[in-house]
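Notes follow once the structure below has been shown.
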Amino acid sequence: MKNAKILAALLGSICLFAGIAQAADTANTLRNSRLDDQTQLPKAPAKPVSQQYFQPPADTDIPNNAFGELVRRGQDLFMNTKALAPEYVGNEMNCVNCHIDRGRKANSAPLWAAYPMYPAYRKKNNKVNTYVERMQGCFQFSMNGKPPAADSEILTALTTYAYWLSTGAPTGKALPGRGFDEPPPPKGGYDIARGKAVYEKQCQLCHGENGEGKKVGVTSVFPALWGKDSYNWGAGMHRINTAAGFIQHNMPLGRGETLSDQEAWDVAAYINSHERPQDPRLVNGSIDETRKRYHADDGVNLYGVVVNGKKLGQGVQ
Amino acid sequence: MRKLITPLLSGLLLLPALLPLSAQAVDGSDIMQKGGANPAAMPCITCHGTDGKGMAAAGFPRLAGLPEAYIAKQLADFKAGRRENAVMQPIAQSLTPEEVAAVAKAYAELPKVNIKPGPVERPQPGSGAWIALRGAWERNIPECTLCHGPAGVGVGDTFPPLAGQSALYIENQLKAWRGTKAVAATRKTKAVAAVPPSRRNDPNGLMAHIAVDLSEAEIKAVSDYFAGLGESKEAFDESQHRLR
């Protein structure tokens, strides 16, 4: 019981993007509190060896009625966000790029482990964040776009898809496999130059020499890791620790769990030491002020840090 | 000044004539039709078809429109034995580097496979389409189209098209990456030795583990799926988003 409460409090603190998307009180919230700082998801409980991860339902279980239609629409949007909701996506990303296997894969921030944890209470500012707000955050930062309205058809379909994937999952109980299960920071710290070597050997083939990804015609196949087509400086993936978790479990594609903690941190640091679209919360046009307000105690990140003689956080168009 | 330049220039123009014979412009389409200078490098068209689209029933692959670098890499891999094949290895070994470069370029210039944009496909779990479009992530098998491109048309120089290839050829390649396991002797049958994989040329082991972890039935189904995409007369419209 007590545990559950602590968890809930912790959970409250995850919503990276809490509330900012809410047009009405955005300005106030930004000024009054640090509610939208990029605090990360709490560590998920470890999976006992003898147990499986939660198994979401199979596609054959989608009913053939209006509900099933909405589930399918949500899944289509999740996989083809850029193609189907272009007015809300400022880069070339799709939700599925970071939430692998259509939001089903454990340790890839699966939707079945997320949906039942909302609305989430955040003690710091005594506020409650909804699942929809959480998705709006991913639109604003991960997709470098504009969040659809809370009652829009798009967010309703995406919510319905997540609800369906969570069929049978307990409500309010953190499940193993949630988030990205970050590896601990390596003892000697990370090294960007070493990360570059890992990148050239293991990642460049798909993500390109300049992190630009690869397309077939207008369709993005391998997503961009930095530059204008990638997530912005406000996204959770810009944290080295978060990216290290994603990468270690899911990359190189199909060969997850092959990089050491050290390699995952090094290559995550290399990726996140490149320019990407500006943090949309930019304070008074100042990188330093933005760092102080939003990045200083947000995990390990390089926003506003000088790397190779250049201050990062300039943004790219 | 001018007096000096003229003889210099004409000297430059003469240079090609002085180069050894073998380096003289090798013509890629000549090699396709007539083979290489070494008679062991048989004419490619006998097996890969006059239009370069292969021979489905024999499992001879399509070469038309494959990326130049990919073709050159395969010929190098046959040569080096990273890709074993009794028919193709001797041919690759008999081609000179210049011939490889020329024939790779010529095949890459032939038309790429065209696949009509279809409606969003909703594959059925357990089908070949499912493996192609959804994968089997519980075994770390990404959907094939995630690397081989929408509708399997290929991505860049590294990820060859699967569309346009025959079921037999696709199946053969997946099996080449698998090899076969040893079978222990029983009272009635003799032991069968393991056959190691005969294709070991995938960069960073991206493809091999996939072939190993698919079941025989899945290999057959997914091969049939890509072969069944056929080819359209309409060009692949690059301005349209391909949905997953």
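The values are calculated or read from the model by the stated rules, or taken from the named source; none is laboratory data. Just so we're clear, the structure is a prediction, and the values are computed from it rather than from any experiment. For neighbour counting, all protein chains shown are included, and Cβ atoms are generated from backbone atoms with ideal geometry for every residue, glycine included. Accessible surface areas use protein heavy atoms only, side chains included; no ligands, DNA or RNA. Shrake-Rupley method; radii C 1.70, N 1.55, O 1.52, S 1.80 Å.
So here's what we get for this one:
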{"read-out": "Complete set of residues in the stretch B:179-209 that are open to solvent by 60 Å² or more (accessible area, probe 1.4 Å) and touching a residue at least 24 places away in the same chain (Cβ under 8 Å)", "value": "B:Arg200"}
{"read-out": "Qualifying residue in the stretch A:90-105 (condition: under 22 Å from B:Ser239 (Cβ atoms) and of a type in the set (Asp, Glu))", "value": "yes"}
{"read-out": "Members of the stretch A:118-149 found to be free of Cβ contacts under 8 Å to residues at least 60 places away in the same chain and among the aliphatic types (A, V, I, L, M), listed by number", "value": "A:Val132, A:Met135, A:Ala149"}
{"read-out": "Pair list, Cβ < 6 Å and 6+ apart or interchain, from the stretch B:25-44 residues that are farther than 15 Å from B:Ala92 by Cβ to residues that are surrounded by 15 or more Cβ atoms within 10 Å (Cβ to Cβ) and of a type in the set (Asp, Glu)", "value": "B:Val26/B:Glu98; B:Val26/B:Glu99"}
{"read-out": "Top-ranked residue in the stretch A:206-255 [being within 21 Å of A:Pro110 (Cβ to Cβ), within 14 Å of chain B (Cβ to nearest Cβ) and open to solvent by less than 10 Å² (accessible area, probe 1.4 Å); ranked as farthest from the chain's Cα centre (by Cα)]", "value": "A:Gly254"}
{"read-out": "Subset of the stretch A:176-205 (residues that are open to solvent by 60 Å² or more (accessible area, probe 1.4 Å) and within 14 Å of chain B (Cβ to nearest Cβ))", "value": "A:Glu200, A:Lys201"}
{"read-out": "Hits in the stretch A:70-95 (condition: within 10 Å of another protein chain (Cβ to nearest Cβ) and closer than 21 Å to A:Trp164 by Cα)", "value": "A:Arg72, A:Gln75, A:Asp76, A:Phe78, A:Met79, A:Asn80, A:Leu84, A:Asn94"}
{"read-out": "Filter pass, B:Gln93 being open to solvent by 30 Å² or more (accessible area, probe 1.4 Å) and closer than 29 Å to B:Ala25 by Cα", "value": "yes"}
{"read-out": "Residue in the stretch A:276-285 that is outside any loop (DSSP other than H, G, I, E, B), of a type outside the set (Val, Ile, Thr) and either open to solvent by 60 Å² or more (accessible area, probe 1.4 Å) or in contact with a Ser or Thr (Cβ under 6 Å, 6 or more places away or on another chain) (or both) present", "value": "no"}
{"read-out": "Selection within the stretch A:134-154 - among the polar types (S, T, N, Q) and out of contact with any helix residue (DSSP H, G or I) (no Cβ under 8 Å at 6 or more places or on another chain)", "value": "A:Gln140, A:Asn144, A:Ser152"}
{"read-out": "Every residue from the stretch A:91-126 that is farther than 27 Å from A:His249 by Cβ and either among the aromatic types (Phe, Trp, Tyr) or out of contact with any Ser or Thr (no Cβ under 8 Å at 6 or more places or on another chain) (or both)", "value": "A:Tyr121, A:Asn126"}
{"read-out": "Residue satisfying condition, being in a helix (DSSP H, G or I), open to solvent by 50 Å² or more (accessible area, probe 1.4 Å) and not hydrophobic (A, V, I, L, M, F, W, C), within set B:Lys116, B:Lys112, B:Lys79", "value": "B:Lys79"}
{"read-out": "B:Gly128 under 24 Å from B:Ala72 (Cβ atoms) and crowded, with 22+ Cβ neighbours inside 10 Å", "value": "no"}
{"read-out": "Residue in the stretch B:221-244 that is nearest to the other protein chains (Cβ to nearest Cβ), counting only those that are within 18 Å of B:Leu174 (Cα to Cα) and of a type in the set (A, V, I, L, M)", "value": "B:Val222"}
{"read-out": "Candidate set from the stretch A:99-132 (those that are in a loop (DSSP other than H, G, I, E, B) and on the phi > 0 side of the Ramachandran plot); member that is most open to solvent (accessible area, probe 1.4 Å)", "value": "A:Asn126"}
{"read-out": "Residues located in the stretch A:151-165, provided they are open to solvent by less than 10 Å² (accessible area, probe 1.4 Å) and either of a type outside the set (Phe, Trp, Tyr) or part of a loop (DSSP other than H, G, I, E, B) (or both)", "value": "A:Leu155, A:Ala157, A:Leu158, A:Ala162, A:Leu165"}
{"read-out": "Residues within the stretch B:210-244 that are outside any loop (DSSP other than H, G, I, E, B), open to solvent by 60 Å² or more (accessible area, probe 1.4 Å) and either of a type in the set (Val, Ile, Thr) or under 17 Å from B:Pro117 (Cβ atoms) (or both), tallied", "value": "2"}
{"read-out": "Verdict on A:Met135 being of a type outside the set (Asp, Glu), open to solvent by 20 Å² or more (accessible area, probe 1.4 Å) and under 22 Å from A:Arg276 (Cα atoms)", "value": "yes"}
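Conditions (1) closer than 27 Å to A:Glu257 by Cβ; (2) among the hydrophobic types (A, V, I, L, M, F, W, C); (3) over 15 Å from the mean Cα position of the chain (by Cα), marked per residue:
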| residue | (1), (2), (3) |
| --- | --- |
| B:Val120 | no, yes, yes |
| B:Trp130 | yes, yes, yes |
| B:Arg139 | yes, no, yes |
| B:Glu143 | yes, no, yes |
| B:Tyr169 | no, no, no |
| B:Trp177 | yes, yes, no |
| B:Ala191 | no, yes, yes |
| B:Pro197 | yes, no, yes |
| B:Ser215 | yes, no, yes |
